[in-house]
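Okay, handing you the structure first.
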Amino acid sequence: MWVARPADGDQTLTLADERRLAPEKIAALHAECAEDLRRLALGVLHDVHLAADVVQATFVKAIEQGHTAEESLRGWLFRVALNEALALRRRQGVQARGVEQLAWLRQANERDDYDRPDEVARRREEGRRAREALDALPAEQRQVVWMRLYEQKTFAVIADELKVPLGTTLWRMQAAIKKLRECLGTGDDE
């Protein structure tokens, strides 16, 4: 926060003035650390332009807030840059999820037949057939399908929990998919 100096020629410094870093110190820090800060931000964000924005935001904070931490100024800059990069990445994730939800809603609204009674009945029938097909699988295959699709476990975790080789787990999934396609009439026509 900038504080105006008294007009009467009083040269006393405010607390904000004492904390503020001199422009020469900021320039020296920029020359020394900017490239390393950019690399840190690039590692988090994977985008050159966003990494440059993080470096700029870091030095803006250094100019505005000064350095009051007990740690070294270089360490403080790296902590600020990391926090800025992580915050930017979180904001991007929120924005991306919002865009996906809007696109899904738009598609659902564009489909006039989505809530028609015959469409609802068709979806229910497909669900019933899928449940019956899943119930008709051998227990070992059904268990792998359930753990993979509904519990979202990796094949390695499934193999470990079932105490079977990874190849056996993969084979069970492949066999289950083949049987489900046959039962539901969705063969490979590609």
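How far, in nm, would the chain grow between A28 and T168 when pulled straight, counting 0.36 nm per residue and subtracting the alpha carbon separation?
So the extension gain works out to 44.3 nm.
Further, regarding this structure: How much length, in nm to one decimal, is gained on full extension between W104 and R142, taken as 0.36 nm per residue of separation minus their Cα-Cα distance?
10.7 nm
Follow-up. For R131 and R91 in one chain, what is 0.36 nm times their gap in residues minus the Cα-Cα distance, to one decimal in nm?
Answer, rounded to one decimal: 10.5 nm.
Separation between the V120 and Q65 pseudo-spin-labels, each 7 Å from Cα along Cα→Cβ, expressed in nm?
Output for this residue pair reads 5.4 nm.
Right, next: Could you tell me what fraction of 2.2 N^0.38 Å the Cα radius of gyration of segment 18-97 comes to, as a two-decimal ratio?
Compared with the compact-globule rule of thumb, segment 18-97 sits at 1.11.
If eta is 1.567 mPa s and T is 4 °C, what Stokes-Einstein diffusion coefficient results for segment 116-184, Kirkwood Rh from Cα pairs, in µm²/s?
Diffusion coefficient, whole number: 100 µm²/s.
Rank-order 82-94, 169-181 by packing density, defined as the average count of other C-beta atoms within 10 Å over each peptide's residues, highest first.
Taking the mean over residues of other Cβ atoms within 10 Å, the ranking is 169-181, 82-94.
Taken together, the values in this text are just the output of simple stated rules run on the coordinates, not laboratory data. Just so you know, these numbers come straight off a predicted model, no measurement behind them. Virtual Cβ from ideal backbone geometry, glycine too; neighbours counted across all protein chains shown.
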